[in-house]
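The values are calculated or read from the model by the stated rules, or taken from the named source; none is laboratory data. Keep in mind that this is a model prediction, so the values were computed, not measured. As a convention, Cβ positions derive from the backbone with ideal geometry for all residues, glycine included, and neighbour counts pool all protein chains shown.
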């Protein structure tokens, strides 16, 4: 503006007079606009990489005024470059959730982030991530103190996030928001808050949901409606709780979806529905994790079971127990028991009925043991669930060995009998031994039945787990009666047994045939164990079964074939030693005491001094800049680096491998990346021997052939 405007001379023209006369008002208007931008426009910081703006972070509020003592909402708004994504509170297989460290005036309190429903991204290598694309608003509730003396309030925080595409780049920004203090709330940013409010998960599902257990984890059955084209579960596991690959299915023409979550115990999460027109909605599923009390009891059906009473629950338990006889978990032992009835066909009816009663007693005994355990866990404030024993890898290991030994017995490798000396003078107790065998068969049938949840059984057990004391025993007794009833009827109606074939040579063949369902059960239990403890636990268990099979063969071939007393004792001692060392080999893997992997690349921790020392010694060097949250890093490790041919080449050429682990902030690694113009990982360097100043830079996405070709150039 012209200096003459500020002179004391009298204005000349009419325009000069107008501007001069209104300058104080104009000055106040311009100052007001400037103050408006200072107060109401939040500070915005962008994350740039190679000239691209990856993420722009800012703070926005749903009110333009802070009212003392009245809560309002603030959101961390991230605008994300297309093709890139940030992460949900559970990032999935790799990644890091967005976080913020608030700096508030005294007396202000902030709640946790409210996370909108994320997207699920299934990437190469079967890696699953949960995150956000384009933009996301992470909302938190702010509560100011009841009295404020200041005229304006500054809210600020240090936000951190991870943004990934083909590479992952950590980002951070100091964001702030200044708001005046007033007497009443003035709504602001209504559109964006409403848009992300619609993406927040509801408190609970509005459709029927049943949570139960299968052998490998938690099973969710839901009926979200006919117009839903997909139903997904996004888990929120507790610390150190591992979740396997989740499967979701629906039979054609049916409304019930089945979601299986491989996990030990229950796990929280959200159910996400997608309608035919593409609308997505989320619902919190607060099934308790290892250290929390669940909102739903296992087996609880939100729409139907809440009104279940004792008598219907007993009926459901009885029907479920009957149907359990048809389940594949129970079939092998049922086959054994039917074979036992055939063997007993020539005996007196009273003896057969006593065997049936003994079998039923074994069923009831095991169910009462389960009921006692459930009541005990309830008194301890813990969550009890159906098939809880199969969630224990050590239990699965033991039961695999038991079933395997039974199968070898049926195949004739050895016989489970008393020794000849013990049999002498005990012929009168043979019936008692037979009744004991029937009792044990009943308990064993129930043991294998527990991982199955038949129709009606889930509702009955859900009611039982929500009750206590006598109620639990009544429900479990009804299930036991349903499971045992067919055997009681068959043993009581001896006339039906005469329709069974007469004993003969064919019985030995049938006996051997019955071993194969037991071996199939071993395979199934190995699958369960593998999902819990991984490949090396399965290999260790198979090695133990090999030792166990050899021991059973030695006992059948030498001890039970009339060998001398001392020779028999020697064989038994050797068998026990072999079995002990087999178990000693497998046990650490089964229980998780030894998580060591097979020999691979002998990684060394990265440091500039260690790399220079290896180069000075005339050795080639490979540096892997990686992080546990880096998707591309894990994919490259799995498909291109930790490969047999690459491992062999590393060893043969004497390459010294260094792993620069950037999972946590490391200034030395950050400096090294910056020296090569990089801001994220993965990043790979090959240093030929003696050429520390001329490294070979590999691409971010690797293949095995790329790595081997680089090794050849060394």
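Across segment 269-286, what is the total count of residues that are surrounded by 19 or more Cβ atoms within 10 Å (Cβ to Cβ) and at pLDDT 90 or above? Qualifying residue count for the region: 8. For segment 171-202: of the residues being in contact with a strand residue (DSSP E or B) (Cβ under 6 Å, 6 or more places away or on another chain) and closer than 20 Å to residue 130 by Cβ, which is surrounded by the most Cβ atoms within 10 Å (Cβ to Cβ)? Going through the qualifying residues, I end up with 171. When residue 196 is tested against (1) at pLDDT 85 or above; (2) part of a loop (DSSP other than H, G, I, E, B), only condition (2) is not met. Scanning segment 628-641 for residues that are farther than 30 Å from residue 55 by Cβ and under 38 Å from the mean Cα position of the chain (by Cα) turns up nothing.
Does residue 116 satisfy the criteria of being over 31 Å from the mean Cα position of the chain (by Cα), surrounded by 14 or more Cβ atoms within 10 Å (Cβ to Cβ) and farther than 24 Å from residue 52 by Cα? The answer is no for residue 116.
The rows are residues; the columns are (1) more than 21 Å from residue 143 (Cβ to Cβ); (2) modelled with pLDDT of 90 or more; (3) part of a loop (DSSP other than H, G, I, E, B).
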position: 45; (1), (2), (3): yes, no, no
position: 56; (1), (2), (3): yes, yes, no
position: 60; (1), (2), (3): no, yes, no
position: 83; (1), (2), (3): yes, yes, yes
position: 87; (1), (2), (3): yes, yes, no
position: 90; (1), (2), (3): yes, yes, no
position: 117; (1), (2), (3): yes, yes, yes
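The residue of segment 641-655 that is modelled with the lowest pLDDT, among those that are in a loop (DSSP other than H, G, I, E, B) and crowded, with 17+ Cβ neighbours inside 10 Å, is 643. Answer yes or no as to whether residue 531 is modelled with pLDDT under 80, part of a helix (DSSP H, G or I), out of contact with any helix residue (DSSP H, G or I) (no Cβ under 8 Å at 6 or more places or on another chain) and crowded, with 17+ Cβ neighbours inside 10 Å. Considered against the rule, which asks whether it is modelled with pLDDT under 80, part of a helix (DSSP H, G or I), out of contact with any helix residue (DSSP H, G or I) (no Cβ under 8 Å at 6 or more places or on another chain) and crowded, with 17+ Cβ neighbours inside 10 Å, residue 531 comes out as yes. What about residue 602, is it in contact (Cβ under 8 Å) with a residue 40 or more places away in the chain, touching a strand residue (DSSP E or B) at 6+ places or on another chain (Cβ under 8 Å) and in a strand (DSSP E or B)? No: the conditions fail for residue 602. Only one of the numbered conditions (1) within 27 Å of residue 131 (Cα to Cα); (2) part of a strand (DSSP E or B) is violated by residue 266, and that is (2).
The set of residues from segment 151-170 being assigned to a loop (DSSP other than H, G, I, E, B) and in contact with a strand residue (DSSP E or B) (Cβ under 9 Å, 6 or more places away or on another chain) comprises 151, 165, 167.
Being assigned by TED's automatic domain parsing to the domain that holds residue 620, within 25 Å of residue 160 (Cα to Cα) and either at pLDDT 90 or above or surrounded by 15 or more Cβ atoms within 10 Å (Cβ to Cβ) (or both) holds for only one residue in 702, 673, 685, and it is 673.
Restrict the check to segment 199-215 and report whether at least one residue is at pLDDT 85 or above, in a strand (DSSP E or B) and under 16 Å from residue 280 (Cα atoms). The answer is yes; a qualifying residue exists.
Among the residues of segment 216-258, those identified as in contact (Cβ under 8 Å) with a residue 40 or more places away in the chain, part of a strand (DSSP E or B) and within 15 Å of the chain's Cα centre (by Cα) are 217, 218, 219, 220, 232, 233, 234, 235, 236. Scoring residue 623 on the criteria (1) within 31 Å of the chain's Cα centre (by Cα); (2) within 30 Å of residue 131 (Cβ to Cβ); (3) at pLDDT 85 or above leaves a single failure, condition (1).
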